[in-house]
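The values are calculated or read from the model by the stated rules, or taken from the named source; none is laboratory data. Keep in mind the model is a prediction, meaning the values are calculated, not measured. Cβ atoms come from the backbone with ideal geometry, glycine included; neighbour counts cover every protein chain shown.
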Amino acid sequence: MVSPSGEGRGGVIAINEVSKIFPHPDGTEVLALAKADLTVEAGEFVSLIGPSGCGKSTLLRLIAGLETPSSGTLTLDGRIINGPDAERGLVFQNPYLFPWLNVFNNVAFGLKARRVYKQQKHLVSQYLDLVGLGKFGRVYPHHLSGGMAQRASLARAIINQPRVLLLDEPLGALDAFTRMSMQDEILRVRAEEMITMVMVTHDVDEAIYLSDRVVVMTPSPGQVETIITVPFARPRARNTPDFLNLRSQILEILNFAGHLEEPAYQI
């Protein structure tokens, strides 16, 4: 199958000894990340998992350029990340669609912001088709289900043809069946676009199902504790002995009791 935008274009993310300090209201400082090191290869799908408050979302925001590191460097294809850029798309847990715009114009918003809408208007329909919303361009957000709204958010992020797609618990608000369907949707988009994807999740099953590697982070201050390569070919079945054994290994590393939120569904 051919991507609407051509060949795969994933970028390489390099995170070198990145620390992030936030000011606390009482005048002290909070160390959210402490010398985090990670390289994400071009076209790779990596999940960040760990206890609440361990800096997963902070690291994602640093890659997005929404935060700046207190020390260390982050690069995309060797270039320092020093602010937001269309090369790095971001999908949040909530779709944040503009309620006054229909689906077509929500997806087209990034093209208009970059002033390339006239030249690339044809991409809107192509990306709506890619995420299964080809017939819903004229529909407004309040008429969409949660899964459809998240599909529209996904299309809005990838229409800018980023080299990296960052996913901050994008499926956390969905019911179990919609969530599993959207996991397959994300994998389908990845297979067609071949962009690099980094996702924050609390769900171990989701991380194993989607990822090439799972990065387990320590409690605050966050550091990379363990990187686990998922050795299974896609498509993956969630109920095989190998899948469940890997799930148990990751939960043991996380020290499940008190370290991880309850997953949205269990095998």
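Among the residues of region 98-107, is there at least one that is closer than 18 Å to Val198 by Cβ, touching a helix residue (DSSP H, G or I) at 6+ places or on another chain (Cβ under 9 Å) and touching a residue at least 12 places away in the same chain (Cβ under 8 Å)?
Start the filter on region 98-107 by keeping residues that are closer than 18 Å to Val198 by Cβ, which leaves none.
No, there is no match, as no residue in region 98-107 is closer than 18 Å to Val198 by Cβ, touching a helix residue (DSSP H, G or I) at 6+ places or on another chain (Cβ under 9 Å) and touching a residue at least 12 places away in the same chain (Cβ under 8 Å).
If Ser153 satisfies all but one of (1) out of contact with any strand residue (DSSP E or B) (no Cβ under 6 Å at 6 or more places or on another chain); (2) surrounded by 19 or more Cβ atoms within 10 Å (Cβ to Cβ); (3) under 24 Å from Thr196 (Cβ atoms), what's the number of the condition it fails?
With respect to (1) out of contact with any strand residue (DSSP E or B) (no Cβ under 6 Å at 6 or more places or on another chain); (2) surrounded by 19 or more Cβ atoms within 10 Å (Cβ to Cβ); (3) under 24 Å from Thr196 (Cβ atoms), Ser153 is out only on (1).
Take the residues in region 197-220 that are under 13 Å from the mean Cα position of the chain (by Cα) and polar (S, T, N, Q), then tell me which one is modelled with the highest pLDDT.
Ranking the candidates gives Ser211 first.
If we only count strands (runs of 3 or more DSSP E) wholly inside region 42-99, which ones have 3 or more residues that are at pLDDT below 95 and surrounded by fewer than 16 Cβ atoms within 10 Å (Cβ to Cβ)?
Numbers: elements: 45-49, 71-76, 88-91.
Strands (runs of 3 or more DSSP E) meeting the threshold: none at all.
Test of understanding: among Arg138, Arg115, Arg163, Arg88, which residue is at positive phi and not acidic (Asp, Glu)? Explain how you work it out, then say what you get.
Working: Arg138 fails: at positive phi; Arg163 fails: at positive phi; Arg88 fails: at positive phi.
Answer to the selection: Arg115.
Quick check: anything in region 131-149 under 13 Å from the mean Cα position of the chain (by Cα) and either of a type outside the set (A, V, I, L, M) or crowded, with 17+ Cβ neighbours inside 10 Å (or both)?
Taking region 131-149 and keeping what is under 13 Å from the mean Cα position of the chain (by Cα), we get none.
No.
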